[in-house]
Amino acid sequence: MGWTSVAEWDRLKAGVGCPMCADIHLDENAFSYKVAEFEHTYVRLPKNQYQRGWTLVVLKRHANELFELTEVELAAFWRDVAHVAQALDHVYHPAKINYSVFGNLCPHVHCHLILQTFADDPHAPVNMHAQVVLLAPDEYRAAIQALQQALG
C-alpha cells in the first residue's frame, strides 16, 4: 500500500475530508476513545492496544506540520504531550515512552505515545499494527478512567 494520489493528498492537507477533523472530538470513533480534552488537543486511546497504553495527543484544529502552529499552539501541544506521558508513566510504569509524529496516512498533527516495556526488544522498529489486540469493554473503561485520574 502506497501514498494516496497527489490530488487526494492535497485535499487531506487542506483539511478537506480529513478523518481526524471529522471524528476526533467524538467520545468513540472507529479507531479510538476520547480520554480527555485540553484547550488545543484531544487525548485518545486507540482500540488496538497491542502496545498496552498506546495513546494519541491530537491537535484540535487542522494543521499538517508543526511549523504551521502558532507559538502558543506549539507550546500547548508539547506541554499536553508531556502531561499525558507523565500520566502514562504513573499508570503503566513503562521502561520508556516513545514519541512518534508521522502523519503519513493522515496529515493532521498528532503524536503517538507508545509505551515500551522490558519485555519489548529495544532494537525492534515501532509497529503499532504488528498485531491487533482488542480489549473487553470494561478493560477500556478501566484504562480510560485510570488515565483520566492520572491527568488530574
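Given an 8 Å cut-off on Cα distances and at least 6 residues of separation, report the relative contact order of the range 6-151 as a percent.
26
Test of understanding: what is the full-extension gain from Arg52 to Ala136, defined as 0.36 nm times their sequence separation minus their Cα-Cα distance?
28.9 nm
Once a ≥ b ≥ c are taken as the square roots of the eigenvalues of the Cα gyration tensor of the range 80-152, is the result rounded (a/c under 1.5), prolate (a/b larger than b/c) or oblate (a/b not larger than b/c)?
Details: a/c = 1.33, a/b = 1.23, b/c = 1.08.
It is rounded, given that a/c, with a ≥ b ≥ c, falls under 1.5.
5 Å is the cut-off here: which amide hydrogens, built 1.01 Å from N in the peptide plane, fall below it relative to Ser32, excluding neighbours closer than 5 in sequence?
For Ser32, the qualifying residues are Lys47.
What do you get for the angle between helix 71-92 and the principal long axis of the chain? Use alpha-carbon atoms, 0 to 90 degrees, nearest ten.
So the inclination is approximately 20 degrees.
Lone cysteines in the chain, defined as no other cysteine's Cβ under 4.7 Å from theirs: which are they?
Among the cysteines of the chain, those whose Cβ sits 4.7 Å or more from every other are Cys106, Cys111.
How long are the semi-axes of the equivalent ellipsoid of the range 1-64, defined as square roots of 5 times the Cα gyration tensor eigenvalues? Whole Å, largest first.
Semi-axes from the Cα gyration tensor: 23, 16, 9 Å.
Pull out the extension gain between Gln145 and Ala14, defined as 0.36 nm times the separation in residues minus the alpha carbon to alpha carbon distance; nm, one decimal.
Between Gln145 and Ala14, full extension yields 43.7 nm more.
Grab the DSSP H runs of the chain that are 4 residues or longer, score each as -39,500 (n - 2.57), total them, divide by all residues and round the 222 nm result to the nearest 500 deg cm²/dmol.
Calculated at 222 nm, the ellipticity per residue is -10500 deg cm²/dmol.
Please list log₁₀ I(q)/I(0) at q = 0.22 Å⁻¹ for the chain, using the Debye equation with identical point scatterers on the alpha-carbon positions.
Cα-only, vacuum Debye calculation for the chain: -1.56.
Using a Gaussian network model of the chain with C-alpha springs under 10 Å, which one of His129, His83, His108 is most mobile by mean-square fluctuation?
Most flexible of the set in this elastic network: His129.
Values quoted throughout were computed directly from the atomic coordinates according to the rules given, and no laboratory measurement underlies them. On a predicted model such as this, the values are computed, not experimentally measured, just so you know. As a convention, Cβ positions derive from the backbone with ideal geometry for all residues, glycine included, and neighbour counts pool all protein chains shown.
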